[in-house]
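Data block below; observations after.
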Amino acid sequence: MGQKSKTARPCAVLRRFNTSKYFGTDGFRGEAGVTITAEHAFKCGRVLGWYFGPNMGKKCRAVIGKDTRLSSYMLEYALAAGITSSGGDACILHVTTTPSVSYITRCDGFDCGVMISASHNGYRDNGIKLFNAQGEKLSGGVITLMEKYLDGDLQPFGGDIPLASGKSVGRTVDYVSGRNRYIGHLISLPTCSYKGYKIGLDAANGSAFGIARSVFDALGAKTYIIGGDPNGTNINGGVGSTHIEALQKLVLDNSLDVGFAFDGDADRCIAVNSRGEVLTGDEILYICALFLKSRGELINDKTVCTVMSNGGLIKSLKAHGITAEVCGVGDGNVCNAMRQSGAVLGGERSGHVVFSKYETTGDGLLTAIMLMEAIIAQNGNLYALLKGYSPLAQINCNVPCTDKVAAMLGVAELARSLEKTHGVRIVVRPSGTERVIRLMAEGENTEECALALKALNQKIISNCSGF
């Protein structure tokens, strides 16, 4: 074995299995028409319409957005039917981004918001993301009630949720004006024009396909777009933040200043500089933390990152007098940690970045705007803004599996042993949105990281083959 190396936060981190049957780390997600159906969506709508309506002695007002998946229309109409059948009004944003639903829910006084999307997953999957009146991810009692209702447990409701009739039946209302207001919100944020900048946009054939170009064209940039021709089945197909090579090619082929790639619902952003080099959420967080600090806007010089963030990010921020609190994976966890610590900036390596001054959830388009603000304010470019950032070696991989419980047998013990043997930090976590086990190894030696991941990979595959 190679020489042991010291690494930040040496601890094998294994996420506990989600005990909810339907709702995971980012809503209710599964294969559309199989594990998440129109009936599921209808029942979710029934609960929302009742909980925020008759249960509180009023009429529920809910807003719904969707991405470009073929199945999003099916789930949208089923959700609206559920809400209106319980006496609530459902306002439809049509194809829009997840952060726009959060923003409109909060700013337009809705009781709750719903986004239909499976984020970075392929088109066969879909999901339901829920927001409270503050535009934050919905959790706690409402989700528990919804889980029970989906399983046919009517006891918490004193019998089935009553169906509205007569004048108490809710309405479905076109609310495209809300999406336009969100676009106006984004355009209002920059402090100067982007004229003279050539910017690449990868909309992942998803929610951002119309919004992204509208925003950056209005700000004066010359835009080049890929992933802007959705057909219902090509969302995230070889484009977007999880297929960054497409944007790298666009940037290099057209000598662009910068490129931004979003995922299917545009709550993530991964950037590419003019050299074709990729900036993950870690690099973006570093640049934005220093930028906000330079403007006196990084309150208490605090940020939030997750266990998947590179240890080098924490060390590099510390060198600038900035502390980084570490939390669990998921932008919901990031937002909670930000509220508790008073931080105004937080994010994930995957590209979810939260700027609490402007919004209450991750927003890929807002992240791109903030990066442009940093570039213009310092008259530089993205690779120059990374001066002082020194990441540790980090390798990530996903191991497919059908039974996550079986796959994880003995893995925790092996991970702890490998950390000591190879001098690396290991994170092992069953995905909350896909049938994979996510692995990460980090240290000062790439070879040691690779060897540790190889052993874990083999263990998981062996576990799966035995069942």
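The values are calculated or read from the model by the stated rules, or taken from the named source; none is laboratory data. What you see is a predicted model; the values in this text were computed from it and never measured. Note that each Cβ is placed from the backbone with ideal geometry, even for glycine, and that neighbours are counted across all protein chains shown.
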Next on the checklist: All but one of (1) surrounded by fewer than 18 Cβ atoms within 10 Å (Cβ to Cβ); (2) touching a strand residue (DSSP E or B) at 6+ places or on another chain (Cβ under 9 Å) hold for ARG268; state the number of the condition that does not hold.
Outcome noted: (1)
Item to check | Selection within region 119-143 - buried (at least 19 other Cβ atoms within 10 Å of the Cβ) and among the small types (Gly, Ala, Ser) | outcome: SER119, GLY127, GLY135
Next on the checklist: Please verify whether ILE461 is in a helix (DSSP H, G or I), under 30 Å from GLY276 (Cα atoms) and touching a residue at least 24 places away in the same chain (Cβ under 8 Å), treating the condition exactly as stated.
Outcome noted: no
Item to check | Conditions (1) crowded, with 20+ Cβ neighbours inside 10 Å; (2) within 24 Å of GLY347 (Cβ to Cβ); number of the one not met by PRO230 | outcome: (2)
Next on the checklist: I'm checking my understanding of the structure. Among residues of region 46-58 that are surrounded by 18 or more Cβ atoms within 10 Å (Cβ to Cβ) and over 23 Å from the mean Cα position of the chain (by Cα), which one is nearest to CYS91 (Cα to Cα)?
Outcome noted: GLY49
Item to check | Output for region 394-406, where each listed residue is surrounded by 16 or more Cβ atoms within 10 Å (Cβ to Cβ), closer than 10 Å to ILE437 by Cα and modelled with pLDDT of 90 or more | outcome: VAL399
Checklist entry - Could you say which residue among ALA450, ALA368 is at pLDDT 90 or above, among the small types (Gly, Ala, Ser), assigned to a helix (DSSP H, G or I) and crowded, with 18+ Cβ neighbours inside 10 Å? => result ALA368
Next on the checklist: Just to be sure before I move on: is GLY196 on the phi > 0 side of the Ramachandran plot and either surrounded by fewer than 22 Cβ atoms within 10 Å (Cβ to Cβ) or aliphatic (A, V, I, L, M) (or both) in the structure I sent?
Outcome noted: yes
Checklist entry - Mind checking which residues of region 365-382 are closer than 14 Å to ASP257 by Cβ and under 21 Å from the mean Cα position of the chain (by Cα)? => result ALA368, LEU371, MET372
Checklist entry - Quick one: which of ILE83, ILE92, ILE36 is more than 28 Å from VAL329 (Cβ to Cβ), crowded, with 24+ Cβ neighbours inside 10 Å and either of a type in the set (Val, Ile, Thr) or out of contact with any Pro (no Cβ under 6 Å at 6 or more places or on another chain) (or both)? => result ILE83
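To keep it simple, each residue is scored yes or no on (1) under 16 Å from the mean Cα position of the chain (by Cα); (2) among the charged types (D, E, K, R).
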{"site": "VAL344", "(1), (2)": "no, no"}
{"site": "VAL353", "(1), (2)": "yes, no"}
{"site": "ASP363", "(1), (2)": "yes, yes"}
{"site": "ALA384", "(1), (2)": "no, no"}
Checklist outcome for this item: Per the list (1) part of a loop (DSSP other than H, G, I, E, B); (2) modelled with pLDDT under 95, residue check on GLY264 breaks on (2)
Checklist outcome for this item: Considering residues that are surrounded by 22 or more Cβ atoms within 10 Å (Cβ to Cβ) and over 14 Å from GLY184 (Cβ atoms), the number found within region 100-110 is 4
Checklist entry - Taking LYS302, is it at pLDDT 95 or above, more than 22 Å from MET372 (Cβ to Cβ) and among the basic types (Lys, Arg)? => result yes
Item to check | Of the criteria (1) in the same structural domain as LEU219 (by TED's automatic domain parsing); (2) buried (at least 22 other Cβ atoms within 10 Å of the Cβ), which one ASN381 fails | outcome: (2)
Item to check | Scope region 152-175; condition exposed (fewer than 11 other Cβ atoms within 10 Å of the Cβ), of a type in the set (S, T, N, Q) and under 17 Å from ALA90 (Cα atoms); matching residues | outcome: SER165
Item to check | So ALA41, is it part of a helix (DSSP H, G or I) and surrounded by fewer than 24 Cβ atoms within 10 Å (Cβ to Cβ) | outcome: no
Checklist outcome for this item: Of the candidates GLY276, GLY206, GLY200, the one satisfying the condition of being part of a loop (DSSP other than H, G, I, E, B), more than 25 Å from LEU317 (Cα to Cα) and not hydroxyl-bearing (Ser, Thr, Tyr) is GLY206
Checklist entry - Can you tell me which of VAL101, VAL95, VAL63 is touching a Cys at 6+ places or on another chain (Cβ under 6 Å) and either under 18 Å from SER207 (Cα atoms) or aromatic (Phe, Trp, Tyr) (or both)? => result VAL63
Item to check | Subset tally (residues that are in a helix (DSSP H, G or I) and either free of Cβ contacts under 8 Å to residues at least 40 places away in the same chain or under 16 Å from the mean Cα position of the chain (by Cα) (or both)) for region 240-261 | outcome: 5
